[in-house]
Amino acid sequence: MEIKKIISLENNGLNMKILKNNIFVRNGKNMLKYDLVSFNKTMEKQILNKDGMARSFFTNGNKLYLRDFCDLYELNCNSMETLRTWKLGENLSSDICSENGDKNNIYACIRGGNIIKIDIKTGEYKNYSISNSSMWDIIINEKFIYVVNTEGQLIQIDGNNMSIIQTKNVHRKNIYSIIMHKNVLYTVSQDKALIATDSRNLDTLCIAKNVINNMSIIIGIFNNKLLTSNPNRNEITIWNINDLSVNKIIEFPTYRNGVIIHKNTIYGSNKNGIYKLDIENI
């Protein structure tokens, strides 16, 4: 097992995504783009006016959507030009907690339990009341949206009219992240549990108790193994997807959850740079 440093970059917490042949990195006020083969920097552009920690982004088509507290930026992935900006909140009670999108809409979860749905074509948006508490992760699967909140609830939403289809308390406390694989939803929570739930009826399929620590998030699935990141311990835990037993724990840079999985490679970061590890060699 060989961990390779691919990019030297001082950071105090970054976000990464991979699109086609590029790695996009949000570091401080800037967005950076690197070639995925050579790892040479091909572009760097300041997008934000000041430093901040409440930031994340996702790619959607040839656009990049960057969240900064209450603002959402739409960027062109080729030029890094800011195309549109939406101010979706005003203060600490109405900032963006999580975001995602599909080919037609962008969805932003607002602190307190609302979701703002933005029409990509027109730029117009509507606000929907969904939950009584903040939702920290959101995924989209065809016509359904799934969100998880601080009360431990998993909520299934109709993406067309934003009506709630079903809600279930799958955890006892705050759910950190959610991922879907073959009609199964996997969640991790402050209650230290990793749980598999049927996406169709929200029945519980499998529970691993007292196994999650320190704001761990789910980073992906590879060869029927589920991978989670522990940012405080700089560890990746590999789980058997069928029974949620631990397959292996490896040391890997996961600073402030600046870690992603793409195809057969894990990319992570520490205060000095970005690293990669071939999962097939673990």
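Among residues other than N240 with Cβ under 14 Å from its Cβ, the summed charge is +1 (Lys and Arg +1, Asp and Glu -1). Taking one quarter of the surface of the convex hull spanned by the alpha-carbon atoms of the stretch 84-191 gives a direction-averaged projected area of 6.7 nm².
Connecting C-alpha atoms closer than 10 Å in a GNM of the chain, tell me which of F144, F69, F24 has the biggest fluctuation. Residue with maximal mean-square fluctuation among F144, F69, F24: F144. Note on the chain: Cα-only Rg and Dmax are 18.2, 49 Å. FRET efficiency for the E124 to N30 pair, using the beta carbon distance and R₀ = 22 Å, is estimated at 0.15. Simple point charges give the picture: +1 on the Cβ of Lys and Arg, -1 on the Cβ of Asp and Glu, and for the stretch 90-218 a dipole about the Cα centre of about 300 debye. Each peptide among 199-209, 224-234 gets the average number of other Cβ atoms lying within 10 Å of its residues, and from highest to lowest they stand as 224-234, 199-209.
Straightening the chain between D71 and K248 buys 59.8 nm, computed as 0.36 nm per residue apart minus the Cα-Cα spacing. Positive contributions from Lys and Arg (+1) and negative ones from Asp and Glu (-1), summed over other residues with Cβ under 13 Å from the Cβ of K263, come out at 0. Cβ-Cβ distance of N232 and E10, R₀ of 35 Å, FRET efficiency by 1/(1 + (r/R0)^6): the value works out to about 0.95.
Out of R26, R256, R84, any idea which swings most in a Gaussian network model of the chain, alpha carbons joined below 10 Å? Comparing R26, R256, R84 in a Gaussian network model of the chain, the most mobile one is R84. Starting from the Kirkwood radius over alpha-carbon pairs of the stretch 235-277, derive D by Stokes-Einstein at 10 °C in a medium of 1.306 mPa s and give it in µm² s⁻¹. In µm²/s, the coefficient is 142. In sequence order, the stretch 224-230 has phi-based couplings of 6, 10, 9, 10, 10, 10, 10 Hz under the Karplus curve 6.51 cos²θ - 1.76 cosθ + 1.60, θ = phi - 60°, and Gly or Pro positions carry x. In terms of distances greater than 27 angstrom between alpha carbons, the cross-link table entries K103/K248; K17/K225; K103/K182; K87/K121 yield K103/K248. Centroid-to-centroid, using Cα positions, the stretch 79-115 and the stretch 35-64 are 17 Å apart. The GluC sites (Glu not before Pro) found in the stretch 41-99 that occupy coil by DSSP, while having at most 16 further C-beta atoms within 10 Å, are E81, E90.
Every number here is computed from the coordinates shown, using simple stated rules; none is lab data. Not measured: the values here are computed from a predicted model. Using ideal geometry, Cβ is built from the backbone for each residue, glycine included, and neighbour counts are taken over all protein chains shown.
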